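Reading through the C-alpha cells given below for one structure.
The values are calculated or read from the model by the stated rules, or taken from the named source; none is laboratory data. For clarity, every value in this text was computed on a predicted model and none was experimentally measured. FYI the Cβ positions are ideal-geometry reconstructions off the backbone, even for glycines, and counts take in every protein chain you see.
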There are 2 protein chains.
Amino acid sequence: MKLATYKDGSRDGQLVVVARDLSVAHYATGIAHRLQQVLDDWNFLSPQLQDLYDALNRSRDSGSGASLARNAFPFDPRQCMAPLPRAYQWVNGSAYRSPQAPPDPGGKGSSPALYQGASDDFWGPCDAVPCASEANGIDFEAEVAVITGDVRLGASPAQALDGVRLLLLANALCLRQLLPGEMAQGFGPLQSCPNTAFSPVAVTTDEVGAAWAQGRLDLTLQSGWNGRTVGLCEAGTDMRFHFGQLIAHLCQTRRLRAGAIIGAGAVSNLDASHGYSCIADKRARETLQDGTPLSEFMKFGDTIRIEMKGRDGQSVFGAIEQEIVPLELATAQL
Amino acid sequence: MKLATYKDGSRDGQLVVVARDLSVAHYATGIAHRLQQVLDDWNFLSPQLQDLYDALNRSRDSGSGASLARNAFPFDPRQCMAPLPRAYQWVNGSAYRSPQAPPDPGGKGSSPALYQGASDDFWGPCDAVPCASEANGIDFEAEVAVITGDVRLGASPAQALDGVRLLLLANALCLRQLLPGEMAQGFGPLQSCPNTAFSPVAVTTDEVGAAWAQGRLDLTLQSGWNGRTVGLCEAGTDMRFHFGQLIAHLCQTRRLRAGAIIGAGAVSNLDASHGYSCIADKRARETLQDGTPLSEFMKFGDTIRIEMKGRDGQSVFGAIEQEIVPLELATAQL
C-alpha cells in the first residue's frame, strides 16, 4: 500500500491512503490520523489500511465503490508533508561505493558509516529549501530510505530486515562547506545536515515486488537538477551494506523503536555513466580526473527533482521537487 | 511546576503533575495526556497545568482541596518513564571545561561541540541499564539538560534562551571503548552512546529561582557511584557555553521544533576537588597526573545515583538511580 501525510496546519498532518497510480487519495480517518500511530501498532492497523487501499484501487479500476469514490480526492503531492513529518529517529549513512572515498579507519570497510540526523522537522516533497547562504555549498542527496518497526537489540541483519515496514525516497540537504569541519571535530554532521525532505508517499515492500531483494531496492533513482537529468543511478548495484546490515549495526548496543527512518546515503555507482545523486560525487570524480572540482554547488532558484520508477514504468513514490530559496522567501518554514 | 510521565504500558505514558516537594502527584488527564502535547501547545496548556500544580501544592500545605487530595497519589519515581519517553530530538554536547581536552580544530574554542543523539528510546530514572559487555567501557554521564519550545532559524543566544521550557537531569550512557573509533570516523557517536535516562521530573525554570541565571544552572550536581559520592560538581561554574549558546549554535542552519532536548555534557569543574560526573573525566585526570588511567569503568551490578538540590536543600528533579545489568536480565528493555 501507499501512504502519505496531508498538510492540515498541524505539526503531524493527516494520514491518507493513496491509490497505486498516485491519482487519488482517501483520508485514513477512522483507522488512524497519523502514520506514527500505525507504526506503533502495525499488526492491528496496517491490515485495515490495506483494506482501504485495496478498495481504493478497485474503485479506480472498475468504477465500483460509489461511496469510496465520492470520498476520494485527486492526490496532490504539493499538499504533502513528509510521510512522517517528524520522527523519533533519522539515521543517515553512506552505504554505497562512491567516488568520495568514505573514511574507513579500520581499513577493512567492515563497518557502515552512519550518523544520527535531525528528525524534528522534515520537509514535504515540494517544500522550498530555505538556505542562508550559497557560500555554504548547497548540495542535494538523493537517497532510498526505510521506516522500521521495533527492532530488538542484537538483531541479525536478517532479523533487522524483518523490521522494515515502508520504503521511501529522501533528499538530505547537505551544506558541503560546513561538513569537513564538523567531521574533523568527530561529533558528526550537525549544522551541515540541517533538514531532509521525503517523497510524497511511503510504500510497503510488496509495492515494488521482486525489486526489493536482500535488503536492496533494485530500481533506478532519477535525479534532475534544473530540469536536466544528472543521475540515473542503480540503487541496488553498488550498495556495500544492505538495509538489514545498516539496521543491525545500529542495534548492536540498543534496540530501535517503531518509526525510525534509516537512509543509505546518496545512491552511487562505480560506473560513472550513471551520473550522480549528489554534487559532491560529481566533484569527487572531477578531482580524481582533473585534480580539482569544477562543478559548483546549487544556487538560489535551482531546482532538484528526485523520482524512481517501478518495473512497470510507473512512479513508485511520486517525485520530490524542491527549489532552493533564500531565507527571507521561506518565512513559513522558519 | 514539576511534570513527570508515569508508566502505563504505552509508549508515551501518562503525564502527571508532581507537588513541589515530590511527595504526591496528580494525573494531568483533562488537560493533556502527554508532555509532547503540552510542548506543542505550550501557551494554551501550560497555564492549566500550572493551576493544577498550584492547587496540588496548596492542598499539601493547608489540607484544603478535598477532591484534589482524594485524586492525588504518592509520587513514586520508580513508576516514571523519562518525562519525554521518546523525543523528536536529543542533542548532547560537551559544554564544560574538563580534564578531557575537547577536540577544538579551530584552536579558539569558539564553537560548542554537539552531536545528535538517539531519541527514540529514553529510559526512566530508575530503569536498569542493560549492557552487552563490561569490555565496552561502561560510563555514566551526569548532566543538566533543557527541553525547548520552537526556536527560529538564526536565533541569537538570548532568543534561544527564551525557547527553554523545562530543565531536567540526564544520565547519558557512554560506552567509552567504542567512542574513539566512532569519533575518528567523523560521523559522531552512534553505538557508543546508545541510550539516555532522565530525572523523574522536569521543571519550569521558576522552580530553581535565581539559580537559573544567564543560561546556566548554578546548583551542585551530586553523583554517587555504588553508594559513594564521587561528584559534587558546580553546574554553572565552568560551563564555557551556556544553553542559549548551545541552542543558537544548533539554529544557525535550521529551526528547532518543540520538544527538542539539549544536554550540556557531563558537568565538570577545573577544580578537581569537586570530583567528577563521568568516569572518563577521572581517568583523564589520572592520565595527566600518572601517565595512565587507573580507574576502571562500571561493572554489572554497579549503581549510579544522580541528584541536584535547590538552594532550599530540597531535591529539584528527584534522583536518577540506575543499575548496570547484563542483557539477559533486562528483557523488558530489549
- Answer with yes or no whether residue A:148 is more than 30 Å from residue A:271 (Cβ to Cβ) and either surrounded by 20 or more Cβ atoms within 10 Å (Cβ to Cβ) or touching a Cys at 6+ places or on another chain (Cβ under 9 Å) (or both). yes
- Output the number of the condition that residue B:162 fails; it satisfies all remaining conditions of (1) at the interface with chain A (Cβ under 10 Å from one of its Cβ atoms); (2) free of Cβ contacts under 8 Å to residues at least 60 places away in the same chain. (1)
- Query: Just to be sure, is residue A:279 touching a residue at least 24 places away in the same chain (Cβ under 8 Å), within 20 Å of the chain's Cα centre (by Cα), assigned by TED's automatic domain parsing to the domain that holds residue A:320 and closer than 30 Å to residue A:42 by Cα?
  - Reply: no
- Per the filter on segment B:66-97, residues within 15 Å of residue B:15 (Cα to Cα), within 14 Å of another protein chain (Cβ to nearest Cβ) and of a type outside the set (Lys, Arg) are B:81, B:82, B:84, B:85, B:87
- Task: Keeping to segment B:127-182, report how many residues are modelled with pLDDT under 95 and acidic (Asp, Glu).
- Result: 1
- Tally the residues that are charged (D, E, K, R) and surrounded by fewer than 19 Cβ atoms within 10 Å (Cβ to Cβ), restricting the search to segment A:254-284. 1
- Message: Just to check your reading of the model, which residue among A:94, A:59 is at pLDDT below 95 and closer than 26 Å to residue A:149 by Cα?
- Response: A:94
- Message: So in segment A:165-183, with the set limited to residues that are touching a strand residue (DSSP E or B) at 6+ places or on another chain (Cβ under 8 Å) and at the interface with chain B (Cβ under 10 Å from one of its Cβ atoms), which one is surrounded by the most Cβ atoms within 10 Å (Cβ to Cβ)?
- Response: A:173
- Could you please find all residues in segment B:204-244 being under 25 Å from residue B:158 (Cβ atoms) and among the hydroxyl-bearing types (Ser, Thr, Tyr)? B:204, B:205, B:237
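Within segment A:262-288, restricting attention to residues that are β-branched (Val, Ile, Thr) and closer than 20 Å to residue A:180 by Cβ, which residue is modelled with the highest pLDDT?
Of the residues in segment A:262-288, the ones β-branched (Val, Ile, Thr) are A:262, A:267, A:279, A:287.
Imposing the further condition that a residue be closer than 20 Å to residue A:180 by Cβ reduces the set to A:279, A:287.
Numbers: A:279: 97, A:287: 94.
Per the criteria, the residue is A:279.
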- Among the residues of segment B:142-150, is any away from chain A (no Cβ under 14 Å), closer than 26 Å to residue B:329 by Cα and in contact with a Gly (Cβ under 6 Å, 6 or more places away or on another chain)? no
- Message: Would you confirm whether or not segment A:115-134 contains a residue that is within 14 Å of chain B (Cβ to nearest Cβ), outside any loop (DSSP other than H, G, I, E, B), touching a residue at least 40 places away in the same chain (Cβ under 8 Å) and of a type in the set (A, V, I, L, M)?
- Response: yes
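Residue by residue, here is whether (1) modelled with pLDDT under 95; (2) closer than 30 Å to residue B:257 by Cβ; (3) touching a Lys or Arg at 6+ places or on another chain (Cβ under 6 Å); (4) polar (S, T, N, Q) holds:
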residue: A:296; (1), (2), (3), (4): no, no, no, no
residue: A:299; (1), (2), (3), (4): no, yes, no, no
residue: A:303; (1), (2), (3), (4): no, yes, no, yes
residue: A:309; (1), (2), (3), (4): no, no, no, no
residue: A:332; (1), (2), (3), (4): yes, yes, no, no
- Might you check whether a residue that is part of a helix (DSSP H, G or I), more than 14 Å from every other protein chain (Cβ to nearest Cβ) and touching a residue at least 40 places away in the same chain (Cβ under 8 Å) occurs anywhere in segment B:286-307? yes
